[in-house]
Every structure is written in C-alpha cells, then in structure tokens.
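Following: one structure in structure tokens, then a few remarks.
The numbers here are math on the coordinates, done by the rules we state, and not lab data. This one's a predicted model, so the numbers in the text were calculated from it and none came from an experiment. Cβ atoms come from the backbone with ideal geometry, glycine included; neighbour counts cover every protein chain shown.
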Amino acid sequence: MNKEQKKLLRADLFRHLDGIVTGPTAYALHQKGILDFILKEKTCTLQSVVTNFSANEGYLNVAFRILAGQGWIDYKVENDQVEIKVNEKSKTAFSLIPLYKEVVELMKISGKYHRRKFEMEPFLILEKIFKNFKSNYGIVFSKDETTLKIQQQVLKHIEGVMVGPTVVSLGMNGMFHKYFMEASFMPEEFHGDGESFSRLLDIFVYLDWFEKTNNTYSFTEKGLFYARRASAYGVTVSYIPAFRKLDELIFGDPTIFWNLPEGSTEIHVDREMNVWGSGGAHAAYFKVVDEIIIDIFNQPIDQQPKGIVDMGCGNGAFLIHLYEVIENRTLRGKMLEEHPLFLVGADYNKAALKVTRANIIQSDIWAKVIWGDIGRPDLLAKDLSQNYGIELKDLLNVRTFLDHNRIWSDPKTKTPDRQSSSTGAYAFRGRRIANAAVEDNLREHFQKWAPYVSQFGLLVIELHTINANITCKNLGRTAATAYDATHGFSDQYIVEIEVFNKIAAEAELYPVEKHFSKFPNSELATVSINLLRAK
C-alpha cells in the first residue's frame, strides 16, 4: 500500500469519527425543528434559539459548533455573543440529516446490550441499516460538486457509526491478533454464534476489509490498515453513552451524568474503552517526552529535580515508563544509589490509585501513590511535605491530557475587558461558559501551580481545539470535530494551542522553546507538548 492510498484511508477514519458525533447531534436538532428555524431565519443568535426551543444554552452551543466544524453553518463568537448563519451548504446538508435516523437508533438500542459481547438483535438492526447503506439510502448523486461532496460526507458519517463501535469491540476482544490477521479463519473461531458473526463480517467484506472464500475470511490490506489503528476509534466511541442522551442533555436535565450517588461508576463514558483507545493514540507523544526527560536528567545533579510527580497517574504506566527511561538512558540512572529518584503517582480516582499501587509494586519501583486533585496543588504539596518529607516544588510535575478536565469553578477575578481569542464552545452542567471566563479560569488554574513548577517545570501533554473555519476546510485531515463534541458535552475545556500558551504566560509560565512540539506541526495541531517554567 503506497503513501497516497494510506492517506485516503486515514481520511476515511477521520470522517468516520466525524460521523459518530455529528450524526446524533444533527439528528437531535433536526427532530426539534431547530434546523428548519435556522433555515428560515438565515441569521440568528444562540440566545434566540435557546429562547424559542427551551434549550440548555451550553450544550446547544456545543452542538452548533459541531455543525460548523462540518461546514454546514457559519459560526462566530464575538463579544461573548454567538451568531449562527446559514451558508451555501446548509439547505442540502439539513435535507440529508433524516438519513441518520437508523444509526442514531442503533446507538441508543445498543446501550441495552452487553458492552463487549456481540448479541443477536443489534446484529439484525445493523444488517437492515447495511442494506439501506448499500443502496446509498436512495440518494441520486448530484452533478453539482458541492452537493455531491455533502452527499458523500453524510454517507461516510453513516459508515462511521456502523463500523466505529464494531471495530473497537473487535479490537478490545482480540480480533486483531496475529492469529486472525496473518491467516484465514472461520467465524466460529472468534464467536460462539458463527452464523450471526459471519453476517457482520460480510458487511466488512463489502467494505473491502476482508476477503471471503467459501466460509473462511482473511484480512485485506485495507482491513489490516484499520485493524492496526483500531484504537484510534476508541476514545470517540467510548463517549457513545453520552450521545445516546443528547436529547436530554440539550433539551432536558443537563445534570443527568453528574447527579449520581457517591462512588457511582461514570455513565457518560466507557472508561475502560477510553483508556484502551488513549493508550494506542498516545504512544507517539511519549517518544517526544522521553527526549525531554533525558535532557532534564542528564543535567548536573544539582540542577536536576529530586523526582517526578504524575498528577492523574491513571494505572501508573506513564510513571513506570518515565522511571525506566531515567534508569536506562540518563546520567541520573547511574546515580540512583546516591541520588534516589522520588516518584509520586497522584490521582483523584481512588480505584486508579489501587491499580497504580499494584502496578508499581509489580514493577519493583519505589513510589508514593496518593490522592490528588488537579485543581488543588496546595493540598498535594501539604500531603507530600507533612507525610513524606517531600517538597512538591523539588519535583518535576508531569501530566497527560488532564488540565482540560479540571472541575469547573467560576473565576474569582475577571480580567477587565478581556476579549477572548478562543473560538471554542464551553459548558458546565448545561450552562454556557463564556470564552473569556474559560481563559480566566485557566489563568487561575496555572497560578495555583506556578509556585510548585517555576523551577523544574510542568511537563504537559495537552489536547486542543482549532477554529471551526479551519476544521471544515480540512475534513478528513483532523479529528477536531470529534474532540469538540466528546469534550464539549462532558464539561471539558480544550482551548487552542496559542490560547493555552498565552494564558500560561499570564501566570508567568513559559514554554521552554526547544521542548515545545505540536501535532500535527501545522494549523491543524490539536495536541501540544510543553515544558512550562518561570523565566
């Protein structure tokens, strides 16, 4: 498979992710009549739609930004006001949105079945959808290039909802093991109900992921491409529980995911799936982090931090990895007897702490594993100092994809006349959060950490949004729409890279230039790696 062929398949993957979030969002607005209202008004404010349809402003705002990212409306944030306009694509796109009905219903119905097993009824529903998909839902393809692209876009979205959850389930259940990938196999080798499973595989035969000979299947080059990237679907698919409830989130009780008894399992995200998907996606970033760690721990010993604290340590894998990098690839690694490395894993989730502690012990590494809150570094510092004799400021602080997931609190100090440069859509429990307030909140967040990271720094991998005008011009080249949707509907605050760095500077924390990276290295960057320090 050549580079150009891989590029086309990667574009389809991104469009699949777009579909998983755009389908249920657009269909929810269609059912309420909001899209007809917009077509009639041509230009309207977010507030006018909220008033007319009794919607929760924050989540409705997220929904509009998703449509803007797909190019179906124009969306502008100015002076804290959101303006929505129809464009040359709106009418065609809106006319096709009823086609999402079946896949949106499949999303909802699948929630009644086992999260990991393939069961009969969803099989049958998917088969019915597939029949309609094969006939392109009766679409007569237009000779007009713009209309044709929208028709193809919607069909690719539907394909994404069909294949995305299935690919993740197959991946998590071991389908993409060498046993299946390197030789032909029969359906019953993987699934007890071989007959039903073969019907699922036949869908992928049509999509050219598998070849079928008699009753055996084997991967095609295209199928191997997606099998090796199954985890790329994982994070977006893990939020399907939230998308099943969009009607309630946008038009009903916006707190349905949060008003739960203490100790309850999250219901808006499949966390096991989320971690599985994240693990595959983050490997490339960790290679860059390794080089930063090597540089820091190759410095003269009196210029090195005494250790590392990983806030949001999850299962402890990242902390263990960093220790191994230091031990095997740095000067500090040769001095661990005289200058031991203090390791701290901190997490808000007590179940995560239990897993981290077990993994640390298994790896035969010395580390403290303690409770910590990303929004309260003072409590972490006090705990470390009083109970372990370790000063937080003497450690290198690291974290991965966490700062945007801080619990919201209204800023104590508002910057007078702040004109936010962020184009994102933000909410907390359905309430719309002004972009300027998000920036002020982020500044206060950094200010809390500044006393503890000024010397040795805050090494952070962070997720970002990009302007919807850029997203819609680069469909098939970015997962930005999926990020905006999954994070917007779950009260997370991803801002543009330039906004993130600007606000860090307001807290007197600045990127160490040689250690700054962004992925991809273009205007489409949605991930950054920063070592933030005081000047």
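Tabulated values for the structure
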{"item": "The range 337-494 - charge dipole about Cα centre, Lys and Arg +1 at Cβ, Asp and Glu -1, debye rounded to 20", "result": "600 debye"}
{"item": "Radius 13 Å from Cβ of S522, net charge of other residues (Lys, Arg +1; Asp, Glu -1)", "result": "+2"}
{"item": "J(HN,Hα) series, the range 54-67, from Karplus relation 6.51 cos²θ - 1.76 cosθ + 1.60, nearest Hz, glycine and proline x", "result": "6, 9, 7, 4, x, 6, 5, 4, 4, 4, 5, 5, 5, 5"}
{"item": "In Hz, Karplus ³J(HN,Hα) per residue of the range 93-98 (6.51, -1.76, 1.60; θ = phi - 60°; x = Gly, Pro)", "result": "4, 5, 5, 8, 4, x"}
{"item": "Between the range 337-362 and the range 123-178, the Cα center-to-center distance that results, in Å", "result": "43 Å"}
{"item": "Inter-probe distance in nm under a simple model that places probes 7 Å from Cα toward Cβ, at D417 and N469", "result": "2.4 nm"}
{"item": "I433 long-range amide H proximity, modeled H, under 5 Å", "result": "Y426, A427, F428"}
{"item": "Mean ellipticity per residue at 222 nm, deg cm²/dmol - from DSSP H runs of n ≥ 4 across the chain, formula -39500 (n - 2.57)", "result": "-15500 deg cm²/dmol"}
{"item": "Degrees between helix 194-206 axis and first principal axis of the chain (Cα, 0 to 90, nearest 10)", "result": "90 degrees"}
{"item": "Under-5 Å amide H pairs with F342, H placed in peptide plane, nonlocal only", "result": "G307, I308"}
{"item": "Proximal lysines to K306, defined as alpha-carbon separation beneath 18 angstrom and excluding residues fewer than eight positions away on the same chain", "result": "K334, K368, K382, K393"}
{"item": "Charge context of L395, other residues only, Cβ under 14 angstrom, K/R +1, D/E -1", "result": "+2"}
{"item": "Using alpha-carbon coordinates, inclination of helix 3-32 to the longest axis of the chain, degrees", "result": "80 degrees"}
{"item": "Size-normalised alpha-carbon gyration radius of the range 46-150, reference 2.2 N^0.38 Å", "result": "1.38"}
{"item": "Qualifying GluC sites (Glu not before Pro) in the range 428-535, DSSP loop, other Cβ atoms within 10 Å at most 10", "result": "none"}
{"item": "Mean separation of Cα contacts under 8 Å (6+ apart) over length of the range 402-535, as relative contact order %", "result": "32 percent"}
{"item": "HN-Hα J in Hz across the range 308-315 - Karplus 6.51, -1.76, 1.60, θ = phi - 60°, x for Gly and Pro", "result": "9, 10, 9, 7, x, 6, x, 9"}
{"item": "For the range 417-535, projected area of the alpha-carbon convex hull averaged over all directions, nm²", "result": "7.8 nm²"}
{"item": "Restraint check, K514/K535; K7/K502; K101/K156; K412/K502; K85/K245, Cα-Cα greater than 23 Å", "result": "K7/K502; K85/K245"}
{"item": "For the chain: Kirkwood Rh in Å [reciprocal of mean 1/r, alpha carbons]", "result": "24.7 Å"}
